[in-house]
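Rule-based calculations on the coordinates, nothing more; no lab input. A quick note: this is a predicted structure, and the numbers were derived from the prediction, not measured. Cβ atoms come from the backbone with ideal geometry, glycine included; neighbour counts cover every protein chain shown.
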Amino acid sequence: MEVHRRRAEREGAFPTHAFSTGLILTLLLGAWAAHALEMSTGKIPFLVAVNGSTVLLPCTYASCIGIKNLYFNWQFNANGTMEKLCESTIPYEGVEPHVSVFHERVEFVGNTPSNNISILLANITFEDDGEYTCFGRNPKEKFKNHSAIFTLSVVDELRVVDNTLTIIIASAVGGGIALLMGFMLLKNLTIFVLAKMEEKNKECLVTSSGIDNTENGLSGSKGDSKATPKKK
């Protein structure tokens, strides 16, 4: 088998060196990816807001290998043209950056100790409707780019959701469950009552049988204890 394996390797059937190199590279890339910078705009990366209101555009970052001179910015996709809203560089973790703001209605409200680089957008208009990109680049990762998108939808007024059908369905389901529970309770109560009645009937039969036996025994005793007639 060893001879066949070596022959197969020589013929290229088992490129062990290439396989080992590929495996090592894959593991290294996987380990590197696990420590990569991550940008996040939250579990719900979208918002529907009323025209004229002020909204929070959330963004946080995380890196297992730490940061140094982390560059970040916010950009707005204005009909295909990326408009920069603000930018800054965080020298080290926990150091508050000096943020340059390029939009009059934008305010940086982030907090570096909590890895928060969120912004406020005041007095929104229908022109603010669209995608906002939170961008980050960490020199520790050889300037690899990372980003996350937050979508803002601007409306005249928030629609009132008609929950009538949902309420009807919930009521029907709740009523069905209550009816089933009532039926099971009545069934268990009926079984309990019948069991008690059967137990009582058994006790009555045993008691009645004991009384009959006692009376029969007394009658026999009286018959046996009659005096023998005297001889004349």
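Would you confirm whether any residue within the stretch 153-171 is part of a strand (DSSP E or B), surrounded by 10 or more Cβ atoms within 10 Å (Cβ to Cβ) and out of contact with any helix residue (DSSP H, G or I) (no Cβ under 7 Å at 6 or more places or on another chain)? Looking for residues that are part of a strand (DSSP E or B), surrounded by 10 or more Cβ atoms within 10 Å (Cβ to Cβ) and out of contact with any helix residue (DSSP H, G or I) (no Cβ under 7 Å at 6 or more places or on another chain), one finds at least one in the stretch 153-171, hence yes.
Selection over the stretch 124-173 of residues that are hydrophobic (A, V, I, L, M, F, W, C) and in contact (Cβ under 8 Å) with a residue 60 or more places away in the chain gives a count of 11.
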